[in-house]
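Remarks on the structure that follows.
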Amino acid sequence: NPVDTEHIKPETDEPRIKMREELGISSDAKMILSVGRVTDQKAIIELVEAFDQMRKELPDEKIYLVIVGSLVDPKYLARLKEKIALLRSREEIFLIGPRSDVGNWLAAADIFAFPTKFEGLGIALAEAMAAGLPCVASDVGPVPELIENEKTGLLVSLNNHDELVSALKRLITEKEFADSLGQAASHFTR
């Protein structure tokens, strides 16, 4: 299935500035983006835990996690909000719900996280790759058909907290490597 690159084009000028202004964060901060339904399948709780650990290990970095997606599971959403409230990095996590302007968020982000537990196709991941974002994703289902580890993104083992933390840290701290992954991913998906 091809990626509709028209769908992921920003709808606004200077989306990096505008989307970050909406959240009240600076344009020089790093933004990790996750897009998808906020459900257990998408491992959002595991992602916020990994993000919190990464923030602890990189205390001098300005890093934010932005989660965009439908809030379709009230019980999971309640568990997620409880978890975020307990985290040291709760002020750096934004749960913004469903949005029609995903292209703006992709253009504003620095990294895309997709720690899914199982997947049919992974359209959000393919769109992030087409947008040129360096991606970290679970090594499940068809995801390894999209990401060649260390070439077009980073793959982590399912439910492996330490691998997810390490991959996120690597993309934050190794800018040239992260940029090369994003560039390769963009070419691969078009």
Can you work out which of the residues in region 27-36 that are hydrophobic (A, V, I, L, M, F, W, C) and buried (at least 16 other Cβ atoms within 10 Å of the Cβ) is farthest from the chain's Cα centre (by Cα)?
M31
Which one of the conditions (1) assigned to a loop (DSSP other than H, G, I, E, B); (2) surrounded by 14 or more Cβ atoms within 10 Å (Cβ to Cβ) does R88 fail to meet, given that it meets all the rest?
(2)
Please determine, by comparing only the residues of region 119-145 that are more than 30 Å from S26 (Cα to Cα) and touching a Gly at 6+ places or on another chain (Cβ under 6 Å), which one is least open to solvent (accessible area, probe 1.4 Å).
V143
Is there any pair with a first residue in region 128-141 that is at positive phi and a second that is open to solvent by less than 20 Å² (accessible area, probe 1.4 Å) and among the hydrophobic types (A, V, I, L, M, F, W, C) whose Cβ atoms are under 6 Å apart and which are 6 or more apart or on different chains, and what are they?
none
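Just checking, which of F94, F112 is in contact with a Cys (Cβ under 8 Å, 6 or more places away or on another chain) and in contact (Cβ under 8 Å) with a residue 40 or more places away in the chain?
So the residue among F94, F112 that is in contact with a Cys (Cβ under 8 Å, 6 or more places away or on another chain) and in contact (Cβ under 8 Å) with a residue 40 or more places away in the chain is F112.
Quick one: in region 165-190, of everything that is in contact with a Gly (Cβ under 7 Å, 6 or more places away or on another chain) and not polar (S, T, N, Q), which residue is surrounded by the fewest Cβ atoms within 10 Å (Cβ to Cβ)?
It comes out as G182.
Listed here are the residues, each with its yes/no results for (1) assigned to a loop (DSSP other than H, G, I, E, B); (2) open to solvent by 50 Å² or more (accessible area, probe 1.4 Å); (3) more than 23 Å from L106 (Cβ to Cβ); (4) of a type outside the set (A, V, I, L, M, F, W, C).
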site	(1), (2), (3), (4)
V38	yes, no, no, no
L47	no, no, no, no
F51	no, no, no, no
E61	yes, yes, no, yes
V66	no, no, no, no
V72	yes, yes, no, no
Y76	no, no, yes, yes
I84	no, no, no, no
Restricting to region 37-62, name every residue that is of a type in the set (V, I, T) and more than 12 Å from the chain's Cα centre (by Cα).
V38, T39, I45
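The values are calculated or read from the model by the stated rules, or taken from the named source; none is laboratory data. Since the model is a prediction, treat every value here as computed from it, not as a measurement. Every residue, glycine among them, receives a Cβ derived from its backbone with ideal geometry; neighbour counts consider all protein chains shown. These accessible areas exclude ligands, DNA and RNA; they are computed on the full protein's heavy atoms, side chains included. Shrake-Rupley method; radii C 1.70, N 1.55, O 1.52, S 1.80 Å.
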